[in-house]
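Laboratory data are not the source of any read-out in this text; all were calculated from the coordinates shown. All values reported here derive from a predicted model rather than from experimental measurement. Here Cβ is always computed from backbone atoms with ideal geometry, including for glycine, and neighbour counts include all displayed protein chains.
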Amino acid sequence: MNQTILEMRGIHKRFPGVHALNDVSFAVRKGSVHGFIGENGAGKSTLMRVLAGAFHADEGEVVIAGARVPAPTPDRMLELGIAVIYQELAQAPHLTVAENIFLGRLPRTRLGLIDWRRARAEAARVLDRLGFRVDPAARIDSISVAQRQMVEIAKAIARDARIVVLDEPSAVLGDAELEHLFATIRRLSRESGVSFIYITHRLKELYEICDEVTVLRDGQVVASMPIAETSTADLVRHMVGREIRDIFPPRAEAGQEIRLDVRNLSRRGVLKDISFDVRRGEIVGICGLAGSGRTEVLRAIAGADRIDGGEIRIDGRPVSIDGPRHGLAHGIGLLPEDRKTEGLFLDQSVAFNVTVCALGELTGGGLISGRREDEAVSRFVRQMRIKTPSVHTKVRTLSGGNQQKCGIARQLHAGTDILLVDEPTRGVDVAAKRDIYDLLVELTAGRGASVVMVSSELPEVLGLCHRIVVMREGTVAAVLDGSGATEETIMAHAVWQ
Amino acid sequence: MTEMTARETSLAAPGAFARLRSLAQSLGLLWVLILLCAFAVYLSPSFIQTGNLLNVGRQVALFGIVSVGMTFVILTRGIDLSVGSIVGVVAVTSALMLASGVPIPLTMLAALAIGAAFGAVNGAGVVFFGMPPFIMTLGTLVMGRGIAMTIANGEPKTLGEAADAFYFLGGGFLLGIPVPIWIFAAIAAGAFVVLRYTPFGRQVYAVGSNTEAARLAGIPVRRVLMSVYIISGVLSALTALIFVSRLTVGEPTAGTNLELEAISIVVIGGTSLFGGEGGVIGTVIGAAIIAVMANILNLLGISPFTQQIVKGAIIIAAVMFEVYRHRRRS
């Protein structure tokens, strides 16, 4: 039981502007469940991609069952028994469960044709052994997310995986399903000697399922030990590495005047009777579990999605926002959740990205003045500490934090004073996070703008927001006062009692 | 204060460098063109005879005008396969109008309007019905040719008495240079300014780089898409007028395969089929490269059939280079 099956030693991985993994070392014992915990952007996913052979580490080595792996590639790692089950499952939705389990290596008949009968029978045997009740002939897009997770595990086991990595399965599984998954993990680890790496955000799960835990912070291992030797308080301290309140600028008093008033906002099947308001100089946080409608509220207010009912008032006047263009005209700007697919023009320059939605003031006689544009953008680059070689550099080459700042700069350049930000610090390093916090406070306290912030990082919501709207299943579950709220009170409202 | 200005220039200076580099990329293409021309002269001194050069220039202009419109469409990540058929429809309708005594200016306006209408249909299909541009314009390609054939009953239409007066547009000279070349120069220059220095141009690039981000940034995506297809349609109609003027006849088959020429020119000119990258300078040089290449192959006495093989290979090479660049980036 004490034999080491996997060891990663001195792993370094650098991206432009970010040292994503800094001298990461840890060991996993055969038949154990090894937990990984850390804030968003701590490096967990990067580390697992290195383990899967999808990323090349700049330095360091991977040792499996005592043998160093010379050049890890995805194929090689699969052969060596590493199976990584990502959050976004990499499945072929139109194929059947059996086909997915044997993807790329379906059994053949003597004529070289696919032996469907054997494929189904073997798939059924694997699923049966794992105690999964899934029909091998069912199409992937007809089964639940939890069942898909099961299929992925079955696929790993069918390949004789020795180490299975689960990347935040609890993000997509319900309680009962999670319990079932845990039972499976326990059985496989004890009876078959399969090792698991279990990545999560939730401390509680670590204590339920893990034997050891490694805490990552800013790309470094800050602690690695048996779970029995830790306490929740220790782990939180390791994860955060500082008193939470310290990195947030002091909260200024918000104004009295209501700028944005959302009344009974509804969108069929997604949002129901959402009401809250935002005052001048105020930051309002929106919290809730994934799928609770947080992002959808922002999109509806910004005009990105149609609404079916309710009213939005700005400065007391009802407005109808038909499309993001209208939103912008009313001074409402949206910083979307996924900056790469919804926010930025990655192959265009910093200047292009900053000025694109308000070119009017840079034009004279219908033509854009390059000089005026460069000046305006340079000013933002300086003020916001955007690290870029030039305003003409392609945004793709910047780090996550600097990309995000470009997105915010666009809103400021467009003169929005009701800023809707969706996960503004996701995938952003700590220094840039602090800059973004400072910026949001500067905007509200300094310039009287109003901010609505969706975030799944409760510390930042607690540290920045004057009030917190907690959502649950498309409705507002509670509106809390920012200074009195705790992670526990927020979570209590966010989940069903 | 002085320190601030210093920092500002330090930020802007590498920008000038980046611009130089993108210019150098077009210049790289320009070198290809220059080498081709040198090769042509080496093959046959008659290449630089005025008559031959003007012929090449005329061809650059004809294909170039349509290619400029195609550049707009491709920059938005679209494609317009219907350009050749628009040329066919406009060729026969304008010939019929002229022959029946409609004044030249009115005929030209009507012709451009027909082009715009075709473009609007393409744009509407893409914008309001979510049709993939390839399929939408494939449909109008086939329909357009059918319309041209139906109107003309499958036969070339002569211009009647208007032929002489109308000849200037496609066959005339201004300061010793054929009129179509002037027209092309004006259009290319205008398109260059629009794409590089106007908000509309920026929006074209924005839509092509990331349509969803463009929409969320408040860019009128539908209007931009409508506009580029209309621009492409109008420039196709203009090309048709030049054809008809020079040939003094409106053929329903005019412009057949023109879409392939235009797409090749735009792609060879370095505009990305993935949208959001490229521009008009490349297209102008691309048009020249294609024309000079054809001229060289003619000078070498290579059969038109073999020429097609060569041209196809060049298109594949150009796109391969483009795909390779994309892959290296991601």
**Request:** Mark the label point 7 Å from the Cα of A:Phe15 along Cα→Cβ and return the residues of the range A:42-83 whose backbone N is within less than 11 Å of it.
**Result:** A:42-47
**Message:** Which of the three applies to the range A:343-415, rounded, prolate or oblate, going by the alpha-carbon gyration tensor with a ≥ b ≥ c and a/c under 1.5 meaning rounded?
**Reply:** prolate
**Item:** Estimated FRET transfer efficiency (A:Ser320, A:Val495; beta-carbon r; R0 41 Å; 0.05)
**Value:** 0.75
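Take each uninterrupted DSSP H stretch in chain B, measure its Cα extent along the helix axis, and return the ones at 30 Å or beyond whose mean Kyte-Doolittle hydropathy is at least -0.5. Don't jump to the answer; show the numbers that get you there.
Working: long enough: B:2-43 (59 Å, 1.00); B:50-75 (35 Å, 1.37); B:104-128 (35 Å, 1.83); B:221-247 (39 Å, 1.58); B:304-329 (38 Å, 0.15).
Those that clear 30 Å and a mean of -0.5 are B:2-43, B:50-75, B:104-128, B:221-247, B:304-329.
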**Item:** Values of log10 I(q)/I(0), in the order q = 0.07, 0.09, 0.11 Å⁻¹, for chain B under a Debye, Cα-only, solvent-free model
**Value:** -0.30, -0.50, -0.73
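At R0 = 56 Å, how high is the FRET efficiency between A:Asp175 and B:Met143 if r is their beta carbon distance? Nearest 0.05 is fine. All intermediate terms of the calculation are to be shown ahead of the outcome.
Numbers: r = 58 Å, r/R0 = 1.03.
According to the calculation, E is roughly 0.45.
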**Message:** Among A:Leu289, A:Ala98, B:Pro304, whose Cα projects farthest towards the positive end of the dipole of the protein assembly as shown, with charges put on the beta-carbon of Lys, Arg (+1) and Asp, Glu (-1)?
**Reply:** B:Pro304
**Computed over chain B: relative contact order in percent, which uses C-alpha pairs under 8 Å that are six or more apart** = 32 percent
**Message:** Contact order normalised by length for the range A:4-245, with contacts defined as Cα pairs under 8 Å and 6 or more residues apart; what percent is it?
**Reply:** 28 percent
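How shielded is B:216-226 by partner chains, expressed as the average number of their Cβ atoms within 10 Å of its Cβ atoms?
On the way: counts 16, 18, 17, 5, 2, 3, 1, 1, 0, 0, 0.
Going residue by residue through B:216-226 and averaging, the value is 6.
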**Message:** Using the crude model of +1 on Lys and Arg Cβ and -1 on Asp and Glu Cβ, and no other charge, please compute the dipole size for the range A:4-245 relative to its Cα centre, in debye to 20.
**Reply:** 700 debye
**Item:** Dipole-positive endmost among A:Phe15, A:Ile185, A:Ala65 within chain A (Cβ charges, Cα centre)
**Value:** A:Ala65
**Message:** So if I place +1 on the C-beta of Lys and Arg and -1 on the C-beta of Asp and Glu, and nothing else carries charge, what would the dipole magnitude of chain B be about its Cα centre? I want it in debye, nearest 20.
**Reply:** 820 debye
**Request:** Only Lys, Arg, Asp and Glu count, each charged at its Cβ (+1, +1, -1, -1), so figure out the dipole size of the protein assembly as shown about its Cα centre, rounded to 20 debye.
**Result:** 1280 debye
**Prompt:** Fewest to most neighbouring Cβ within 10 Å: what's the order for B:Met70, B:Met136?
**Reply:** B:Met136, B:Met70
**Fill in**
Checked the range A:4-245 against the a/c 1.5 cut and the a/b vs b/c comparison, axes a ≥ b ≥ c from its Cα gyration tensor; verdict prolate
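Mind checking the full-extension length gain between A:Ala431 and A:Asp305? Use 0.36 nm per residue of separation minus the Cα-Cα distance, one decimal, nm. Numbers along the way, then the final one.
Numbers: separation 126, 0.36 × 126 = 45.36 nm, distance 3.31 nm.
So the extension gain works out to 42.1 nm.
Enter the mean number of other protein chain beta carbons within 10 Å of the beta carbon of each residue in B:275-281, as an integer.
Working: counts 1, 5, 2, 0, 0, 0, 0.
So the per-residue partner count for this stretch is 1.
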**Asked** How high is the FRET efficiency between B:Asn153 and A:Ser456 when r is their beta carbon distance and R₀ equals 60 Å, given to the nearest 0.05?
**Response** 0.30
**Prompt:** Roughly how many nanometres apart are two label points built 7 Å out from the Cα toward the Cβ at A:Asp135 and A:Glu473?
**Reply:** 2.8 nm
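If you take the C-alpha gyration tensor of the range B:186-284, multiply each eigenvalue by 5 and take the square root, what semi-axes do you get, largest first, in whole Å? List each step's numbers first, then the result.
Details: eigenvalues 161, 41, 35 Å².
Ellipsoid half-lengths, sorted descending, are 28, 14, 13 Å.
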**Message:** Among B:Met320, B:Gly218, B:Thr248, which residue has its Cα furthest toward the positive end of the charge dipole of the range B:211-330, with +1 on Lys/Arg Cβ and -1 on Asp/Glu Cβ?
**Reply:** B:Gly218
**Message:** Which of A:His413, A:His466 has the fewest other C-beta atoms within 10 Å, and how do the rest follow up to the most?
**Reply:** A:His466, A:His413
**Request:** For A:Arg29, enumerate residues with amide H under 5 Å from its amide H, sequence gap 5+ or separate chain, H modeled in the peptide plane.
**Result:** A:Ile5
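When you look at the Cβ of every residue in A:389-396, what mean number of other chain Cβ atoms sits within 10 Å?
Details: counts 6, 9, 6, 11, 4, 2, 1, 2.
Per-residue shielding by partner chains comes out at 5.
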**Fill in**
Amide H proximity to B:Thr271 below 5 Å, modelled H, separation 5+ or other chain, gives B:Gly279
**Request:** Tabulate in residue order the Karplus-calculated ³J(HN,Hα) for the range A:19-36, using 6.51 cos²θ - 1.76 cosθ + 1.60 with θ = phi - 60°, rounded to whole Hz; enter x for Gly and Pro.
**Result:** 9, 5, 10, 10, 6, 8, 9, 6, 9, 10, 7, 4, x, 10, 10, 10, x, 10
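Quick one: compute the contact order of chain A, relative version, from alpha carbon pairs under 8 angstrom and 6+ residues apart, as a percent.
Values: 991 pairs, mean separation 76.1, N = 497.
Result for chain A is 15 percent.
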**Prompt:** Roughly what % of Cα-Cα distances in the protein assembly as shown sit above 52 Å, to the whole percent?
**Reply:** 28 percent
**Item:** Within the range B:262-294: backbone nitrogen closer than 11 Å to the B:Ile315 label point (7 Å, Cα to C-beta)
**Value:** B:262-268
**Message:** Compute the angle between helix A:430-441 and the longest alpha-carbon principal axis of chain A, please, reported from 0 to 90 degrees and rounded to the nearest 10.
**Reply:** 30 degrees
**Request:** Determine the shape class of the range A:394-473: with a ≥ b ≥ c the square roots of the Cα gyration tensor eigenvalues, call it rounded for a/c under 1.5, and otherwise prolate if a/b is greater than b/c, oblate otherwise.
**Result:** oblate
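Sorted by average packing, counted as other Cβ atoms within 10 angstrom per residue and highest first, what order do B:153-163, B:138-148 take?
Values: B:153-163: 15.5, B:138-148: 19.3.
My ranking of the peptides, most packed first, is B:138-148, B:153-163.
What ranking do B:241-252, A:97-108 get when scored by the average of other Cβ atoms within 10 Å per residue, highest first?
Details: B:241-252: 22.8, A:97-108: 18.4.
So the order, starting with the most tightly packed, is B:241-252, A:97-108.
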**Request:** Using packing as a proxy for protection, rank A:191-204, B:212-225 so that the peptide with the highest average count of other Cβ atoms within 10 Å comes first.
**Result:** B:212-225, A:191-204
**Request:** Work out how far the C-alpha atoms of the range A:46-185 reach from end to end along every principal axis, then list the three figures in whole Å, largest first.
**Result:** 46, 45, 25
**Request:** Calculate, in nm to one decimal, what A:Gln220 and A:Lys340 gain on full extension: separation in residues at 0.36 nm each, minus their alpha carbon distance.
**Result:** 40.6 nm
**Request:** Ratio to report: Rg/Rh of the range B:202-243, with Cα atoms as the point set and Rh obtained by the Kirkwood method; give two decimals.
**Result:** 1.18
